[in-house]
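Worksheet for the structure shown next.
The values are calculated or read from the model by the stated rules, or taken from the named source; none is laboratory data. The model shown is predicted, which means the values in this text are computed figures rather than measured ones. Here the Cβ is made from the backbone with ideal geometry for all residues, glycine too, and neighbour counts use every protein chain on show. Ligands, DNA and RNA are excluded from the accessible area calculation, which covers all protein heavy atoms including side chains. Shrake-Rupley method; radii C 1.70, N 1.55, O 1.52, S 1.80 Å.
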Amino acid sequence: MIMKTVNTVGIVGYGAYIPMNRLRASEVNRVWGGSGTPIEEKSVTAMDEDAVTIAVECARYAVKRGKIAPKDIGAVYVGTESKPYAVKPCGTIVAESIGATPNVMAADYEFACKAGTEAFQTCIGLVSSGMVRYAMAIGADTAQGRPADALEYTAACGGAAYIFGRKPDRTIADLEGSYSFVTDTPDFWRRGREMYPRHGSRFTGEPAYFHHVISAAKGLMEELGTEPGDFTYAVFHQPNTKFPIKAARTIGFGMDAIKPGLVVPFVGNTYAGSTLLGLAATLDVASPGDRILAVSYGSGAGSDAFSFIVQDEIANNPRLDPPVSVFINRKRYIDYSLYSKLRGKFIK
Amino acid sequence: MSVPRYWRETRYRYRLIGEMCTECGAIFFPRRAVCLKCGSVELEEYKLKEIGTVATWTTIRNPPEGYEKYAPYIVALVELDDGVMVLTQVVDIEPEEMKTGMRVEAAFRKVKEDGSSGIIEYGFKFRPIIE
């Protein structure tokens, strides 16, 4: 069933961050003898970056973009499956770093790649109810991929942060409605104390990604009485280049609708950051009146679908933060040796 | 660094907050209990500018204990736009690309880890301006 807010809730600010190291898919092929190129290249953290530093960078840009006082943020939720601490929240570090402490809620969410949009839902509810003025949802990951596994081509690092507020506060995109679709589907998992995840190979496709993404997208559109032609843009979770394009075409979207937000060929799958980064790249080029469909996917499994309508504020709001394209173009290529060092694959 | 000491400094290291002497206007980072310029003890928090210029720099290839995995890394004196000189690492750049006078901005990074089970210390470093 569609979820609608009691009061009009929208995005007040957003910010993205992508580390500058890039590993080409061809470099993975060179080392392991493969021939696949599910993406062109993926982003890799520097030695002193992790999911917390990525989340903080996004959060700081979102505050700049929103031009709000950090003390007015009543909740900071970080969606990630790359927590530097097993026990100790990333959210407290982010909240402290942006100056939102101490009167703030903070926690970390885990739902594989949809932890960021799960945080969206919580923030939207908190803001709509009036419990807090602003709430921040972040999706940030330094994704893990076992050497030589299919995931090693795509498991990437990056994220985005969103601040939700309620009218009459200035919003750059208002939420029209959301729809969540969740089942118990074991397509991808990582057990406690395991360094790398395991996955069900082809099982991750039809019964997992496509079933949930398409069901959530269609469910939301049916409840809103809309069709693909009513949306200017669409963003789907991006585990590789093929899946979001196939999902879009199945639902009825053309490449023009998804291209602005299709960042995976140049960044990789940033897991909890993936849909949020795609949405940020789409908002970067959106105009007032545009309607945007954003659909996440998290293994385990589930999808959250959102419909946003872009507001005049997006044009009235001079930017103080770099757009996603700047981060995509800011890069330094590394070879597999340095990648192995940066991702902690050597035993000393 | 002990956990209590790190905890006492997080707010200042995360947000790049120093202190300003209310008597003579001198600004300090890290914070000081007494103004080094006029001797006053009347100091208040001051949010430092997060943009500055590299005054001088060097490359560390033989790091002290705890920093080994980051080597080689760049340490610089950066003069912030409010005139405060800070000692900091400069990241996202290779040593051969560094230049005195280049503009840099604050970046939030890991500074040090207390092994695999201890506290992770975060704080500011600087990087070429992203624009």
> In the range B:97-119, which residues are among the hydrophobic types (A, V, I, L, M, F, W, C) and open to solvent by less than 10 Å² (accessible area, probe 1.4 Å)?
Replying inline: B:Val104, B:Ala106, B:Ala107, B:Phe108
> Can A:Tyr77 be described as in the same structural domain as A:Thr282 (by TED's automatic domain parsing), at pLDDT 95 or above and farther than 18 Å from A:Leu283 by Cβ?
Replying inline: no
>> Looking only at the range B:92-127, how many residues end up being touching a residue at least 12 places away in the same chain (Cβ under 8 Å), under 21 Å from A:Ile98 (Cα atoms) and at the interface with chain A (Cβ under 10 Å from one of its Cβ atoms)?
In response: 13
> Given the conditions (1) touching a helix residue (DSSP H, G or I) at 6+ places or on another chain (Cβ under 7 Å); (2) open to solvent by less than 70 Å² (accessible area, probe 1.4 Å), which single one is not true for B:Pro72?
Replying inline: (2)
> Does the range B:35-42 contain at least one residue that is among the hydrophobic types (A, V, I, L, M, F, W, C), open to solvent by 30 Å² or more (accessible area, probe 1.4 Å), modelled with pLDDT of 95 or more and closer than 14 Å to B:Ala106 by Cα?
Replying inline: no
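A quick yes/no check of all residues on (1) in contact with a Phe, Trp or Tyr (Cβ under 9 Å, 6 or more places away or on another chain); (2) at the interface with chain B (Cβ under 9 Å from one of its Cβ atoms); (3) of a type in the set (A, V, I, L, M); (4) open to solvent by less than 10 Å² (accessible area, probe 1.4 Å):
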{"position": "A:Pro38", "(1), (2), (3), (4)": "yes, no, no, no"}
{"position": "A:Ser43", "(1), (2), (3), (4)": "yes, no, no, yes"}
{"position": "A:Thr53", "(1), (2), (3), (4)": "yes, yes, no, yes"}
{"position": "A:Arg60", "(1), (2), (3), (4)": "yes, yes, no, no"}
{"position": "A:Val63", "(1), (2), (3), (4)": "no, no, yes, no"}
{"position": "A:Val76", "(1), (2), (3), (4)": "no, no, yes, yes"}
{"position": "A:Pro84", "(1), (2), (3), (4)": "no, yes, no, no"}
> Which condition number in (1) modelled with pLDDT of 95 or more; (2) open to solvent by less than 40 Å² (accessible area, probe 1.4 Å) is the one that A:Thr92 fails?
Replying inline: (2)
>> Whether any residue in the range B:15-23 is within 14 Å of chain A (Cβ to nearest Cβ), over 26 Å from B:Glu94 (Cα atoms) and in contact with an Asp or Glu (Cβ under 9 Å, 6 or more places away or on another chain) is what I want to check.
In response: yes
>> Given the options B:Arg31, B:Arg15, name the one that is surrounded by fewer than 15 Cβ atoms within 10 Å (Cβ to Cβ) and in contact with a strand residue (DSSP E or B) (Cβ under 8 Å, 6 or more places away or on another chain).
In response: B:Arg31
> In this structure, does A:Gly145 turn out to be under 19 Å from the mean Cα position of the chain (by Cα) and not in a loop (DSSP other than H, G, I, E, B)?
Replying inline: no
